[in-house]
Amino acid sequence: MYPNLYFAFKDLFGVEWTGLKLVNSFGFFVAIAFLVAAWVLTLELRRKSTEGLLTYKEEKLTVGKPASIADLLLNFFVGFIFGFKLIGAFLQRDALVDTQSYIMSSEGSWPAGILVGILFAGLKFWEKNKQKLAKPEERMIRIWPADRVGDMVIYAAVFGFLGAKIFHNLENLDELRRDPIVSLLSFSGLTFYGGLICAGVAIWIYCQRNNMKPIHVADAIAPAMILAYGIGRIGCQVAGDGDWGIVNTSQKPYSWIPDWAWSYTYPNNVLGEGVPIPGCVGQYCAQLPQPVYPTPLYEIIMALIIFFFLWSIRKRIKYAGVMSALYLILNGIERFLIEKIRVNTEYQLFGFTPTQAELISGAMVLAGTIMLVVIYSQKKKTASPTT
């Protein structure tokens, strides 16, 4: 396991760049997932705009203004944080013994922070100065849905993270009561469906305010979402972040399956969970006492299969909402099945013991099925001859 990129680069390339300890492996793959999802979403929004399903919105924009004090201060602040923390981590070899403590502390390199802050502010000043006009002008510009992907990704990231933390803490109330500060502020402990629900609501409201039909945007997001989910699960597998399965000591059904793909102890996992690894020294020196199902690996495979299926049929779907319904059904089935071999908190409900993910995934399958029935029933009625 590689808790952060420092360990990956050390193992793969033999270099020890301390600053890479700031880059959590899970967070790295989540960032990749957002970038890839943004690219896929852009392609789909452009296609739907070409087909006339989505249109532009005209907005007034002032061009030719010089950089404002607020612009310069914001860019200085971003550059300062980058230099103070990231470059400071490279300069201070022992700064990242405890990565999260370092990030939340006042430790860092002041000279590097100030220099990079000035650089960022200078670049913003230079960029604005190139575009400056003798007299700033107000212009009406057309903003297409594909132009708003950056905003949508930011909304999804912020509200997705908040939702993931909220749902995780609702699922682990004992952990929240025991240490509320760590539970709320730590970078671990994220529940995917919590993020999906909150990000979905935020994007829906954003679409309503910007002249974009939410159902068409939802259809465009569906394949991007499942692809991002699969890439994010690579981070779970690489870091060993606790999303593993139940103990599996059974015999492999086929000899060609690698041991790590059937039953794995997640050595050097990012949580430090399990028993000490003999001879290992450092922060991440634990492995599970018994091997478990590597469920993130299975979810990677299933998510990619679903993505390629949805991507292959997207141009043949005639009715709005069908793609979203298929996403709900397929993702719900995938997660419901994986929960059977995955470690998770269970609830007591009418004599049953479902997990939070089972309840939500079951609701997703039901909602998707109802959507399909309603969509095709309405289209059938519309197509039927009147008497």
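Annotations
- Some residue of region 195-207 being in contact with a Ser or Thr (Cβ under 7 Å, 6 or more places away or on another chain) and touching a residue at least 40 places away in the same chain (Cβ under 8 Å): no
- The residues listed here are 306, 370; of these, the one that is closer than 28 Å to residue 238 by Cβ and either surrounded by 21 or more Cβ atoms within 10 Å (Cβ to Cβ) or modelled with pLDDT of 95 or more (or both) is 306.
- When the residues of region 19-42 are filtered to those that are free of Cβ contacts under 8 Å to residues at least 40 places away in the same chain and more than 19 Å from residue 154 (Cβ to Cβ), the one that is surrounded by the most Cβ atoms within 10 Å (Cβ to Cβ) is 20.
- Among the conditions (1) closer than 30 Å to residue 48 by Cα; (2) touching a residue at least 60 places away in the same chain (Cβ under 8 Å); (3) of a type in the set (A, V, I, L, M); (4) surrounded by fewer than 21 Cβ atoms within 10 Å (Cβ to Cβ), the only one that residue 297 does not satisfy is (1).
- Some residue of region 187-203 being buried (at least 22 other Cβ atoms within 10 Å of the Cβ) and at pLDDT 90 or above: yes
- There is no residue in region 246-253 that is in contact (Cβ under 8 Å) with a residue 24 or more places away in the chain, crowded, with 19+ Cβ neighbours inside 10 Å and hydrophobic (A, V, I, L, M, F, W, C).
- Residue in region 265-281 that is under 27 Å from residue 22 (Cβ atoms), hydrophobic (A, V, I, L, M, F, W, C), in contact (Cβ under 8 Å) with a residue 40 or more places away in the chain and assigned by TED's automatic domain parsing to the domain that holds residue 325 present: no
- Pick from region 202-239, criterion outside any helix (DSSP H, G or I) and touching a strand residue (DSSP E or B) at 6+ places or on another chain (Cβ under 9 Å), ranking: farthest from residue 344 (Cα to Cα): 211
- Any chance residue 153 is modelled with pLDDT under 90 and of a type in the set (Val, Ile, Thr): yes
- Residues of region 19-33 satisfying the condition of being of a type outside the set (A, V, I, L, M) and assigned to a helix (DSSP H, G or I): 19, 21, 25, 26, 27, 28, 29
- Near pairs, Cβ below 7 angstrom, 6+ apart or cross-chain, from region 69-83 (assigned by TED's automatic domain parsing to the domain that holds residue 114) to any residue that is among the hydroxyl-bearing types (Ser, Thr, Tyr): 83/109
- Residue count for region 56-71, restricted to those that are among the charged types (D, E, K, R), exposed (fewer than 11 other Cβ atoms within 10 Å of the Cβ) and at pLDDT below 90: 1
- Every residue from region 118-151 that is surrounded by fewer than 12 Cβ atoms within 10 Å (Cβ to Cβ), under 30 Å from residue 50 (Cα atoms) and under 35 Å from the mean Cα position of the chain (by Cα): 140, 142, 150
The values are calculated or read from the model by the stated rules, or taken from the named source; none is laboratory data. All of these numbers come straight from a predicted model, not from anything done at the bench. Positions of Cβ are backbone-derived with ideal geometry, glycine not excepted, and every protein chain shown enters the neighbour counts.
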